[in-house]
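Single-structure report; data block below.
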Amino acid sequence: MKNYLLAAVIGAVMLTGCGEELQITAQPMKNVEDVRYQDGNLDVYCLTGICQFELSSNKDVDLTVTMHYSESRSFDKIEGVSVTGRGGSTIEMQGGKSFQLSLEANNPPSTIQVVDYYRN
């Protein structure tokens, strides 16, 4: 399956004091079809409405994670977000389909599980 073959390492250049590139590592674990990063936003594509993935970063970063079934359909209402790791206490819901999460530099990956209330 795609989610077992896909190990996405997503890098984005951000201007910082030392000019080091921000590197966000997203590792799909269950039911994740694709992960895309752009300008502080992480789009996660999950066909089933229940998915799990790991996130880590080489720099402190606040991410807005938006959950999608496909390009044309986002999650309707996130029922729950479970985080195992240091980022768990930083979760803030941002409406029915997205949440904000803070990652600290060079920590072990946080495991995130997201469930859509109206899942397939």
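Values in this text are rule-based calculations from the coordinates and carry no lab data. All values reported here derive from a predicted model rather than from experimental measurement. Neighbour counts run over all protein chains shown; Cβ positions are idealised from the backbone, glycine included.
For the reader, a short list of remarks on this structure follows.
- Measuring how big the range 42-113 is from its alpha-carbon positions, Rg and Dmax come out at 11.8, 34 Å.
- Packing-based ranking of 110-116, 58-64 yields 110-116, 58-64, ordered from highest to lowest mean Cβ neighbour count within 10 Å.
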